[in-house]
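Below: the structure, in structure tokens.
The values are calculated or read from the model by the stated rules, or taken from the named source; none is laboratory data. Remember, predicted model here, so these are calculated numbers, not experimental data. Because the Cβ atoms are built from the backbone with ideal geometry, glycine has one as well, and the counts that use them run over all protein chains shown.
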Amino acid sequence: MVKVSLRPITRMNLDECISLKVANNQKGFVASNVYSLAEASVNPTYHPFGIYDAEAHYQANPSMVGFIMYELSDAVGFIVRLMIDEKFQRRGYGRAAMIEVIRRLKLHPEVERIATSHERKNEAAARLYKSLGFVDWEHELTDKKHSGERYLILQEDTA
């Protein structure tokens, strides 16, 4: 099973984070990392991280395989972004990153619920989140502005 380590985005890994790209057929499913980092720079509840293979931890200059960002707000740990670079997809990094973020969110005593969302047409994300125990969540954000988005919450017995 693949394991990952999450590292904060810093000046040292910023360019690498920005250079990560999803496959062409996925571009409409996730915001760019530049946009996500801009959001995080003005919203202190957002926490962006680079995703690295845990086995590469001891390498001098390991490659970032993806990007993930979560928000801590109103007793919810909300996983805002998940993207794996096209060169590293289909190797288990997305699942491993989600498992690690869920583990971290459970360590915050103020977090009562863990949630995420995805574009309705993103079938790969739907399968991943379902396999991790996420179910549909009727949320106040499910309005006309976000009608293409599907909101999910981690079932309490798996949280």
Inter-residue pairs, beta-carbon under 7 Å, first closer than 16 Å to residue 80 by Cα and in the stretch 107-134, second part of a loop (DSSP other than H, G, I, E, B) and of a type in the set (A, V, I, L, M), 6+ apart: 111/75; 113/75; 114/159
Complete set of residues in the stretch 12-57 that are at pLDDT below 95 and more than 21 Å from residue 89 (Cα to Cα): 12
Hey, residue 30 buried (at least 17 other Cβ atoms within 10 Å of the Cβ) and in contact with a Lys or Arg (Cβ under 9 Å, 6 or more places away or on another chain) or not: yes
Complete set of residues in the stretch 85-106 that are aliphatic (A, V, I, L, M), more than 21 Å from residue 62 (Cα to Cα) and in contact (Cβ under 8 Å) with a residue 40 or more places away in the chain: 102
Output for the stretch 55-78, where each listed residue is closer than 19 Å to residue 19 by Cα and of a type in the set (Val, Ile, Thr): 65, 68
Hey, residue 20 surrounded by 12 or more Cβ atoms within 10 Å (Cβ to Cβ), closer than 23 Å to residue 113 by Cβ and touching a residue at least 24 places away in the same chain (Cβ under 8 Å) or not: no
